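Here is the structure we will look at.
Values in this text are rule-based calculations from the coordinates and carry no lab data. For clarity, every value in this text was computed on a predicted model and none was experimentally measured. Don't worry about glycine lacking a Cβ; one is built from the backbone with ideal geometry, like all the others, and counts go over all protein chains shown.
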Amino acid sequence: MSVRRAVAALLLSGAAMVATATPAFAQTELDASVPGDGSTLAGPRQIVLSFTGHVTLPANPITVTGANGAKWTVGKATAVGPVVTAPVRSRGPVGPYTLAYKVIAEDGDAVTGTISFTLIPNDAGAAAPPPTATAVAPGASSAHGGPAPHELPGAVPNAASNSDSGGIPAWVWILGAVVLLAIGMLEAFRVGRSRRS
């Protein structure tokens, strides 16, 4: 096999490896939540966090704190696939609050972040925003034949969430190694041809 064919085969196999490795190394992050980031609501009774992959829970995965340091009582959180729920008792004055979360992704990385929202009085009559996010309900199916979405009432997508699930994705390192190997082989081929002539 010529060096040129070897380089072409290497590049093709590297591209295939990266293409198949990318989904496996996709990072888990927050997809939607109740309360949503930047939302305004009156005394929620449950927190719902929907992630892009299955998660498990460490001890005390959710805390809610007000600007004056008031902490809400958060009940036992449970995780079913990518969805985490926890009962909550709102406590403290109206105003800004921060929900902090920490979960463990399937690859073992910690996924952490914060959600900011504003608590208003229960009699303010604010309507909950329409459901805008979905999470798959285990074992359910939709009319279209795929998984049925489980609506999160008042959920807000967290496309730009603060979740931090680790450093540089593995596929970047794989692609870099393939490119460097190809460059090295092309340089060796060029040097070999110049010595022959």
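Annotations for the structure displayed:
- Close amide H partners of residue 36, meaning residues 5 or more places away or on another chain with modelled amide H under 5 Å apart, are 156.
- As a proxy for reagent exposure, ranking 49, 57, 181, 119 by other Cβ atoms within 10 Å from fewest up yields 181, 57, 119, 49.
- Ranking of 47, 183 by count of other Cβ atoms within 10 Å, fewest first: 183, 47
- log₁₀ of I(q)/I(0) at q = 0.12, 0.14, 0.17, 0.28 Å⁻¹ - the stretch 58-117, Debye sum with one point per alpha carbon: -0.31, -0.42, -0.59, -1.25
- Rounded to the nearest Hz, the phi-derived 3J(HN,Hα) couplings of the stretch 74-82 under the Karplus curve 6.51 cos²θ - 1.76 cosθ + 1.60 (θ = phi - 60°) are 9, x, 5, 7, 10, 10, 10, x, x, where x marks glycine and proline.
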